[in-house]
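Here is the structure we will look at.
The values are calculated or read from the model by the stated rules, or taken from the named source; none is laboratory data. The model shown is predicted, which means the values in this text are computed figures rather than measured ones. Backbone-built Cβ (ideal geometry, glycine too); neighbour counts: all protein chains shown. With ligands, DNA and RNA removed, areas are computed over all heavy atoms of the protein, side chains included. Shrake-Rupley method; radii C 1.70, N 1.55, O 1.52, S 1.80 Å.
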Amino acid sequence: VNAEKTKLFFDVTKPNSKLLNKNLHSGTLSFEMSNGDEKIITNCGSPEKYFGKNQVFFRYSAAHSTIIVNNTNIAELSERNSYKRIPKNIRNITEESESQYLLSGSHDGYLKNYGLSIKRILKISKDGNKINGSDQIIVLKNRNRQNFFSVRFHLMPYCNCIITNDEKTVIIKTKKGFAWHLKSPNIKLAIEESLYIGYGDRPLGSKQVILSGKIKNIKNIINWELKKIN
């Protein structure tokens with residue numbers, strides 16, 4: 001989606017289990033976002049740019065800005081550089097109105113192991129200054145109250161961030177001095193360390209914002225907002 005100065009990429013591509021490729025990722029329903037010439041929300045980078053140890057970690061679901069259950073990959077990567085488990089059904093809808101773009105995607109990558117269906121809805125304002133997200137986890141079978149979710153937002157290394165005292169808002173500041181807030185009305189946020197692979201011989205330190213909790217209900221909804229504030 002191109003909304004004025006904001007660009008957003010939404011991953012609704014179905015992995016191909018027959019394609020042997022060392023650069024395959026497990027990032028279904030992840031998104032990346034830039035404003036002007038500054039990228040803000042990202043994944044952790046492409047492992048082909050880095051030749052150190054443990055490149056495979058950067059292909060995992062947790063290295064993408066998406067919804068993860070029990071820290072498990074959405075599509076399981078095999079040691080032979082392909083997939084040994086993939087979502088069978090990935091659906092997406094794109095709509096446009098006078099005020100916003102709407103992107104919606106769902107997958108069943110957690111159905112077999114946890115009995116869950118995942119859905120993400122993104123609403124982007126036409127001026128590109130606000131993104132509203134609704135991440136939904138639906139229990140279809142084998143309800144287990146020990147399951148937990150993590151919604152991750154990986155930031156570029158040049159982004160600084162602080163969290164408010166009530167842990168409901170994170171203020172993100174870019175290298176050019178622009179500020180965005182990321183907040184959730186019903187889930188507390190946390191900031192953790194992350195890594196980003198650029199063009200170089202080592203990963204760069206970065207931050208990630210995480211919304212997490214237990215999957216308690218038949219339908220679990222995690223709402224959040226990313227908004228430019230200056």
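Taking every C-alpha pair closer than 8 Å and separated by at least 6 residues, the mean separation divided by the residue count of the chain gives a relative contact order of 20 percent. Each Lys and Arg adds +1 at its Cβ and each Asp and Glu adds -1 at its Cβ; summed about the Cα centre, the chain shows a dipole of about 640 debye.
Send over a whole-number figure in Å² for the accessible area per residue of the chain, probe 1.4 Å.
On the way: 11940 Å² over 230 residues.
That works out to 52 Å² for each residue.
Among the protein heavy atoms, those of Tyr101 account for about 50 Å² of accessible surface (1.4 Å probe, every chain in place). Subtracting the Cα-Cα distance of Lys173 and Val56 from 0.36 nm times their residue separation leaves 39.1 nm of extension gain. Within the listed set Glu95, Glu38, Glu76, the Gaussian network model of the chain (springs between alpha-carbon atoms below 10 Å) gives the highest mean-square fluctuation for Glu95.
Quick one: plug the Kirkwood hydrodynamic radius of the chain (C-alpha pairs) into Stokes-Einstein at 37 °C, 0.692 mPa s, and report D in µm²/s. Mind showing how you got there, number by number?
Numbers: Rh = 18.1 Å.
The Stokes-Einstein estimate is 182 µm²/s.
Loop-located chymotrypsin sites (Phe, Trp or Tyr not before Pro) across the stretch 164-218 with a Cβ neighbour count of 13 or fewer within 10 Å are Tyr199, with loop assigned by DSSP. Residues within the reach of a label modelled at Glu4 (point 7 angstrom out along Cα to beta-carbon, backbone nitrogen below 16 Å), restricted to the stretch 201-230, are 226-230.
Hey, any idea what % of the chain's accessible area is carbon plus sulfur with a 1.4 Å probe? Spell out each step's value before the answer.
Details: 5680 of 11940 Å².
Carbon with sulfur: 48 percent of the solvent-accessible area.
At full extension, Leu204 and Lys126 could sit 24.8 nm farther apart than now, given 0.36 nm per residue minus the alpha carbon distance.
Does anything in the stretch 201-230 have its amide N under 19 Å from the 7 Å Cα→Cβ label point of Glu38, and if so which residues? Residues passing the 19 Å test: 205-209, 225-230. Computed with every protein chain present, the accessible area of Asp166 is close to 80 Å² [probe 1.4 Å]. On a straight-distance basis, which lysines could pair with Lys112 in a cross-link, Cα separation under 28 angstrom, same-chain partners fewer than 8 positions away excluded? Within the straight-line cut-off, Lys112 pairs with Lys14, Lys18, Lys22, Lys84, Lys88, Lys141, Lys214, Lys216, Lys219.
Over the chain, with a Gaussian network built from C-alpha contacts below 10 Å, which listed residue (Gln146, Gln136, Gln208) shows the highest mean-square fluctuation? Maximum among the listed residues: Gln146. Ignoring lysines fewer than eight residues from Lys5 along the same chain, the ones with Cα atoms less than 26 angstrom from its Cα are Lys39, Lys123, Lys126, Lys130, Lys173, Lys175, Lys176, Lys183, Lys207, Lys227, Lys228. Give me the percent relative contact order of the stretch 83-204, please, defined on Cα pairs under 8 angstrom at least 6 residues apart. Relative contact order, the stretch 83-204: 13 percent.
Which value in deg cm²/dmol, rounded to the nearest 500, describes the helix-derived mean residue ellipticity at 222 nm for the chain, given -39,500 (n - 2.57) per DSSP H run of n ≥ 4 and division by the residue count? Walk me through the numbers on the way to the answer.
On the way: 1 runs with 4 residues, N = 230.
Mean residue ellipticity, 222 nm, calculated: 0 deg cm²/dmol.
Just checking the listed ones, Asn70, Asn132, Asn165: in the Gaussian network model of the chain with Cα springs under 10 Å, the one fluctuating most is Asn165.
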